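A quick write-up on the structure given underneath.
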Amino acid sequence: MKVIQVRCPNCNSPIMSKQRDLLFLCQQCGTLHVRDGGVNLVDYEIADFAKSAPIQGRTYVPFWRIYANFTILSKNSSGGSMYKLANWIKGGGGDSGDVFIFVPAPDFDPPTFKRLATDFTANWPKYSTRLDFGGVPRLPANLPKEEAVKLAHFVIITMEAEKPGVLQTLDYTLDVKDARIIFLPFNSTPDGLRPGL
């Protein structure tokens, strides 16, 4: 088996990684690359920890932030209304609008994935950005962009199906405009990951 050195497509510096990760950060020029059949540049943001966040157990979790136009073509519900989706669409109450969908990129168990995806999608995080990780480790990403876009549909349906017996049918379109990596701050606790925003 031949081993090939991964080099930054931007500055040609060698990219080193001690963990299995789809994302490679060039320490030389600060660009982030995703391995998706090649090594390609990907847009990213790093959210800063809140001043009140504990110092111990800090880690960054990568999310694919999918920016898309979401349009409800038809819906049928009984026992209530489309109580989450109507409020979630920007402007509230309409059947079309732009949305952010947050899809966790690490290999989480299904309950953790679902909780983080629906929590951040329903309540978009507010944060200031920083230029580097400040020595804080980051979890590896195992989810390619194409799979994240597919899982965005799962997140939408899951959000509405949380209320049993309400959603019967939903026909919609989701036109993706942008997908980028957002590193959100967390603290590792005995009870699991807690947002550090």
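The values are calculated or read from the model by the stated rules, or taken from the named source; none is laboratory data. Fair warning: this is a prediction, and the values are worked out from it, not measured in the lab. Using ideal geometry, Cβ is built from the backbone for each residue, glycine included, and neighbour counts are taken over all protein chains shown.
So that you can scan it fast, the table gives a plain yes or no per residue for (1) modelled with pLDDT of 85 or more; (2) outside any loop (DSSP other than H, G, I, E, B); (3) in contact with a strand residue (DSSP E or B) (Cβ under 8 Å, 6 or more places away or on another chain):
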{"site": "Leu73", "(1), (2), (3)": "no, yes, yes"}
{"site": "Met82", "(1), (2), (3)": "no, no, yes"}
{"site": "Gly93", "(1), (2), (3)": "no, no, no"}
{"site": "Asp107", "(1), (2), (3)": "yes, no, no"}
{"site": "Phe113", "(1), (2), (3)": "yes, yes, yes"}
{"site": "Lys126", "(1), (2), (3)": "yes, no, no"}
{"site": "Leu143", "(1), (2), (3)": "yes, no, yes"}
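Residue pairs, Cβ under 7 Å, 6 or more apart or interchain, first in the range 182-197 and touching a residue at least 40 places away in the same chain (Cβ under 8 Å) and over 15 Å from Pro106 (Cβ atoms), second hydrophobic (A, V, I, L, M, F, W, C) and in a loop (DSSP other than H, G, I, E, B). List them.
Every condition considered, the pairs that remain are Asn187/Ala53; Gly196/Phe49; Gly196/Ala50; Gly196/Ala53; Leu197/Ala50.
State which residue is surrounded by the fewest Cβ atoms within 10 Å (Cβ to Cβ) when the search covers only the range 108-157 and only residues that are among the basic types (Lys, Arg) and either more than 12 Å from the chain's Cα centre (by Cα) or more than 22 Å from Thr173 (Cβ to Cβ) (or both).
Lys126
Taking the range 51-65, which residues are hydrophobic (A, V, I, L, M, F, W, C) and at pLDDT 95 or above?
Scanning the range 51-65 gives Val61, Phe63, Trp64.
Condition first: in contact with a Leu (Cβ under 7 Å, 6 or more places away or on another chain) and over 18 Å from Leu25 (Cα atoms). Can you find one or more residues in the range 120-142 that meet it?
Yes; the residues of the range 120-142 include at least one that is in contact with a Leu (Cβ under 7 Å, 6 or more places away or on another chain) and over 18 Å from Leu25 (Cα atoms).
Those residues that are acidic (Asp, Glu) and over 18 Å from the mean Cα position of the chain (by Cα), I need them from the range 172-194; list them, please.
Across the range 172-194, the qualifying residue is only Asp191.
Just checking, how many residues over the range 115-124 are free of Cβ contacts under 8 Å to residues at least 40 places away in the same chain and in a helix (DSSP H, G or I)?
Total satisfying the criteria: 4.
Residues being touching an Asp or Glu at 6+ places or on another chain (Cβ under 7 Å) and either farther than 14 Å from Phe186 by Cβ or among the charged types (D, E, K, R) (or both): count how many of those fall in the range 102-139.
Going through the range 102-139 one residue at a time, the tally reaches 3.
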